[in-house]
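Take a look at the structure set out below.
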Amino acid sequence: MAMKPKREQTAFVREVVLPAGPDRKPVMDARRMLFPLRLGRSRIHGWGLFAVESIPRGRRVIEYTGERIGGREAERRSVRPSVYLFRVGPSRFVDGVRGGSGAECINHSCDPNMTAAITSGRIWLKSLRMIAAGEELTYDYRLSTGVMMPCRCGAANCSRYLSSIR
Ligand SMILES: [Zn+2]
C-alpha cells in the first residue's frame, strides 16, 4: 500500500492553532476543583462544565489555570478557532489550552451563576448564588475588545454579542 504524502504544517499551525482546534479534548484537573464537576456537551456552546452536587452561594468552585503569557503572545494565539485566554492584567494572560484545569471550558452567560475573582495572581471562579446539581456553570467574560460574535447564552437579559477575546 502506498504511503500517504504528509501534509505540510507550519510551526505556527502546530503550536498555536491546532492545540485549540475543534478536536481538542479538554482535561479536568480534580486538584483545582473544590466541588465535584463534570465535563459535558453544552447547550450554549461546545463543551461545558456542570455541577455534580449542589454548590452553596459564595464558594470557590474551580481555579482557572494555564500557561502564563504576555500580550504579544496572547495576540498571536488569539487567531485560534476557540480562544481560551483569560486576561489577568493589562498585558498578562493565562492560556487554558496548556495546563488548563477544565475551567477554560466554562461558557459565558449574560446571567451567570459564577464570577471570577483574581487573588494573588490566581483566578478563582466563585458561585454567585446556589447552583443546583446538573446545572451548567457560567460566568460573565466581561469582554471589552475584539471581534463581535453572537452570544447564545439564552438568558432573558442576554446582550446578544460577545467578543472573541476573553
Ligand atoms: Zn448572552
On the basis of being touching a residue at least 24 places away in the same chain (Cβ under 8 Å) and either of a type in the set (S, T, N, Q) or at negative phi (or both), does residue 76 make the cut?
yes
Could you say whether any residue in segment 73-87 is among the small types (Gly, Ala, Ser) and buried (at least 20 other Cβ atoms within 10 Å of the Cβ)?
yes
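Here is a yes/no grid of residues against (1) over 22 Å from residue 115 (Cβ atoms); (2) of a type in the set (A, V, I, L, M, F, W, C); (3) at pLDDT below 95:
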position	(1), (2), (3)
5	yes, no, yes
11	yes, yes, yes
17	yes, yes, yes
24	yes, no, yes
35	no, yes, no
53	no, no, no
62	no, yes, no
67	yes, no, no
80	yes, no, yes
Out of the residues in segment 110-129 that are among the polar types (S, T, N, Q) and at pLDDT below 95, which is surrounded by the most Cβ atoms within 10 Å (Cβ to Cβ)?
119
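Considering 132, 51, which residue is in contact (Cβ under 8 Å) with a residue 12 or more places away in the chain, out of contact with any His (no Cβ under 6 Å at 6 or more places or on another chain), buried (at least 18 other Cβ atoms within 10 Å of the Cβ) and not polar (S, T, N, Q)?
51
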Out of 162, 137, I need the residue that is crowded, with 16+ Cβ neighbours inside 10 Å, modelled with pLDDT of 95 or more and under 17 Å from residue 46 (Cα atoms). Which one?
137
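The values are calculated or read from the model by the stated rules, or taken from the named source; none is laboratory data. This structure is a prediction, so every number in the text was calculated from the model and none was measured. Glycine gets a Cβ as well: all are built from the backbone with ideal geometry, and neighbour counts include every protein chain shown.
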